[in-house]
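The values are calculated or read from the model by the stated rules, or taken from the named source; none is laboratory data. Note that the structure is a prediction, hence the values are computed from the model and not measured. Quick reminder, even Gly has a Cβ in these numbers, built from the backbone with ideal geometry, and neighbours come from all protein chains shown. Quick note on the areas: whole protein, heavy atoms, side chains included, nothing else; ligands and nucleic acids left out. Shrake-Rupley method; radii C 1.70, N 1.55, O 1.52, S 1.80 Å.
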Amino acid sequence: MELRINGLKKYYRTGKEKEVKAVDGVSLEIGKGELVSVNGPSGCGKTTLLLISGGLMNPDHGEVFLGEKNLYRISPDVRDRERVTKVGFVFQQFYLVPYINILENVLIPTIGLNSYSASVEQRARDLIDHFNLSDRIDHKPGELSTGERQRVALARALINRPSVLFADEPTGNLDDYNAEVVLKYISEFAADGGAVLLVTHDKRISRQAHRSVRMKDGRFVGDDTNPVK
Amino acid sequence: MSLINKPGKRISIWMIIKNELVYKKFGFITGVLSLVIATSGFVGAMILLRGDTLATEQLFMEKERELRAEMLQLEDDYRIIMRNMGYNVLILNETQSISELEKEGYASTYLDYEDVWKIAESGMTTLNHLLPVLQEKIYWPEKGMEILLSGIRGQVPVYSKPAHLTDDDQYRSPIMERVPEGKADLGSEVAVPLNLRPGDIFTIRGEEFEVNRVYSRRGTRDDLSVWIPLDKAQSILNRPGKINGILALECVCSTEELGQVAREVKEVLPHAQVFEFSSLIAARADVRQRAAKLHEEILQAEMAHQMELRREKERLASVLIILLITGASVWIFVLILNNVRERKHEIGILRAIGFSRLKVLQIFLGKSALMGVVAGIIGCMTGALAGVLWSGTGLSFSGQGSLVTPPVIITGLILAPLLALTAGLLPSVLAANQDPADIIGER
Ligand SMILES: Nc1ncnc2c1ncn2[C@@H]1O[C@H](COP(=O)(O)OP(=O)(O)OP(=O)(O)O)[C@@H](O)[C@H]1O
Ligand SMILES: [Mg+2]
C-alpha cells in the first residue's frame, strides 16, 4: 500500500463549545496505480482529509502511513522531507510563484534535495514538454491561461517522482476541455503506477476513478469500487 | 541562459529574493530609500560634527598662539620695566652681615674681582647684567665731606644671554653705564653743593678726575655717590683685585623660583651669599603669574563656550539620527510585514512543497539584508558627499580625506543592514512560522 489511513478524526474548535467534526473516523487504503476520488458537498471535510493524508496537518486521532512510514509518529522535519520526496500536491488555486518562470516553478520542490543534477532539470523540461507547455517555458505564470497554469502545477507536483499524488479540486477552476486534459494526465500518473487521492465535489470526475468515496459530515457514506472498470 | 544546464543553479534562495525584488520594485526601492536617508543622515551628521571639531581645534590653536604672543609681549614689557628699575640682586661675601650692610650702606667684606667672571662664564641663565663694584664710604679730604666712593667697570658680559650683547661683548642697554678712564660720574648731592659740572676737574686723595656726568636727584644713596673706574677705586681704597659686591638683575619667572639663584650662585661661588631685593622680584613673578592665569582663564572660558555649543550640536544630531533610524526601522518593519502578508499563499505552497522554515526565514531576512547593504553603500556615499560639501563651505583648513574617517563609513555600512535585519526579523519569523495547512485549507 502506498497510502493507508486509519480512523482519522479532526475536530475544529472554533468557539468555546462549538466543535466542527471536519473528519470523523475515516479509513482508506490506496495502492500502486490506484486512483481514488472523494466527493461530497461543500464543507464535508474533503480538504481536511487531504491535508492530513498529505502530511500537512496533524489529526486528532488515527494514523497515516505513507509507504512504511507512520507520518505523525516521526518528527516534523522528517515528515517534511517525506512529503517533499514522496508526495505531490495539486490545488484548485494553482499557487504558482508569480515572479519566476514556468521551468523554475516546476523545479521549486527540488530546492531541498541533496542531489540536484542536470537530469532533474531535464526531467522538468520533459514534464513541461509532456504537458504541452514547451513554448511557454520562459513565461511567468501570469502570462498563462488557467488550464496551462494547472498543468504547470501538475508538473511541479510530479517533478520529484512522488508515490502519491494529492489533488484538491484540480479542475475546479477549469473549463470542461481543460478539466478533461488535466484529468487525463492525472489518470496517466496512476496508470504509470502512482497512487492518487483526488478530492472533488464534481460527481462526473468520479467516473474516471477506480474507487469513488462519498463523504458527508466528516464520514464516508458511500463507496463505488471500480465503477468504470 | 548559460546556467540552464548547471546543476543546482536553477532554484536558490538568492534567485527567489532577486526575482521577487524585480517583480515588486516599489517596496524594495522605498525600503532602500528610507535606509539611505537614515544612513546618510548618520554619516553626514558625523562628518559635520568632525568638521566642527577640526574648526574648533583650529580656533583654539589660533587663540592660544595669540595669547602666547601677548604673553611674550607682556613678558618683554616687564623685562624692560624691571631693567629700568635697576639691579635686584647683590652678591656678597658669605661672611657679610646684612644688618651691617643695611646700616653702613656698603659691604665690609670682599670678593675677588675674578669671582664675577666665574659667574659670567658659569652658564647660569637666571642672572644677567652683572656689575662688579667696590664701594666704600670715605672722607673726601679735598672737599671736606663724606661720600660713597664706587668703583665700577662696565657690566661683565653674560655669554649665555647673547641677545643682550653687542658684537664686542658690550651690553646694548646696560643698567649702569661704564665710567671712561680718568673720569667720574657724580650723584646730585655731591655735584650740586660743590658746583661741579661735566668737564670740571677735581681730585680725590690726590687722584685727578674729570666730571663725566652728573646724575639728577634720585632720592637714594646714589645721590651721595662718586663713580670712578674700578681700578682707580681699588688703588684709592687700597683693595687691589678686590670688589665688595656684584650687582645683578635676576630674571625670575615664578615666585617658586625665588631662592633658586642663591643655590646656583653657591654652586659657582661657595664663599658667596646672595641678597635679593625680593619684593621687586616677587612683584615681577606675581605679574607674570597673573598674566598666565588670565590667559588660562580666557582659554578656559572660550573652551567651555565651545563645549556648550558642541553639546548642543551633538544633541541635535543625535535627535535627528534617532528620528531617521526610527523612521527607517518602522518603514522596513511595515514593508516586510506587508510583504509577508501579500505572499502568504506563496509561503504556504513553498513550505508545502519543499521549503523549510529556515529557507523561508532566509528569503525575508535576505531581502531585508540586501536592502540594508545597498542602502549602506548608497547612504555612505550620499552622506559623505553631503557632509563634506556642507561643512566644506568656509573651511579651508582640511582636505576632504580627513573629514571622512573610516570608522564613520564602516559604521554607516554596518548600520543599514543591521537596521534592516532588526526591523525585518519579526515579520520574517512570522513568515517562517506560518502553517502551510492554514493557508491551503483556507477557503
Ligand atoms: N481552520 C479551520 N477552523 C475551523 N473550521 C474549519 C477550518 N478549516 C475547515 N473548517 C471547517 O471544517 C469543515 C470541513 O472543511 P473542509 O475545508 O475540509 O471542507 P471541504 O469538503 O473541503 O469543502 P469545500 O468543498 O467547500 O472545499 C467545514 O465545515 C469548515 O468550515
Ligand atoms: Mg475543500
Please determine, in degrees from 0 to 90 and to the nearest 10, the orientation of helix B:25-85 with respect to the longest principal axis defined by the Cα atoms of chain B, where the helix direction is its Cα long axis. 0
Per residue of B:352-361, what is the mean number of Cβ atoms on other protein chains within 10 angstrom of that residue's Cβ? 6
Report for the stretch B:89-276 the percent antiparallel among DSSP-assigned beta bridges with both residues inside it, nearest 5. 80
Under a Gaussian network model of chain A whose springs join Cα atoms within less than 10 Å, the largest fluctuation of A:Asp126, A:Asp77, A:Asp217 belongs to A:Asp77
Helical contribution to [θ] at 222 nm, DSSP H n ≥ 4, -39,500 (n - 2.57), averaged over chain A, rounded to 500: -9000 deg cm²/dmol
For A:51-57, mean number of other protein chain Cβ atoms within 10 Å: 4
Please determine, in degrees from 0 to 90 and to the nearest 10, the orientation of helix B:357-392 with respect to the longest principal axis defined by the Cα atoms of chain B, where the helix direction is its Cα long axis. 40
Just to be sure I understand: of the beta bridges DSSP finds with both ends in the protein assembly as shown, what percent are antiparallel, rounded to 5? 65
Based on Cβ point charges of +1 for Lys and Arg and -1 for Asp and Glu, what charge dipole magnitude is obtained for chain B about its Cα centre, in debye rounded to the nearest 20? 4180
Given a Förster radius of 45 Å and the C-beta distance between B:Ile98 and B:Met307 as r, what FRET efficiency does 1/(1 + (r/R0)^6) yield to the nearest 0.05? 0.25
Largest-first ordering by accessible area, 1.4 Å probe, given options B:Trp140, B:Trp14, B:Trp117, B:Trp331: B:Trp14, B:Trp331, B:Trp117, B:Trp140
Provide the percentage of antiparallel DSSP beta bridges, counting only those with both residues in chain A; round to the nearest 5. 55
Apportionment of accessible area to carbon and sulfur, the stretch A:3-225, percent (1.4 Å): 44
Which of B:Leu130, B:Leu230, B:Leu425 fluctuates most in a GNM of chain B (C-alpha springs under 10 Å)? That residue is B:Leu425
In a Gaussian network model over chain A where Cα atoms closer than 10 Å are linked, find which of A:Gln122, A:Gln150, A:Gln92 has the largest mean-square fluctuation. A:Gln122
Between chains A and B, total accessible area buried, probe 1.4 Å, no ligands or nucleic acids, nearest 100 Å², roughly 2700
What pairs from B:Lys103/B:Lys232; A:Lys184/B:Lys25; B:Lys313/B:Lys367; B:Lys183/B:Lys242; B:Lys118/B:Lys293 go past 32 Å between their alpha carbons? A:Lys184/B:Lys25; B:Lys313/B:Lys367; B:Lys118/B:Lys293
Chain B: relative contact order in percent, alpha carbon pairs under 8 Å with at least 6 residues between: 26
Highest mean first, what order results for A:25-31, A:198-204 on Cβ atoms within 10 Å? A:198-204, A:25-31
Please give the helix B:278-342 orientation as an angle from the longest Cα principal axis of chain B, in degrees from 0 to 90, rounded to the nearest 10. 0
Per residue of A:89-95, how many C-beta atoms from partner chains lie within 10 Å of its own C-beta, taken as a mean? 4
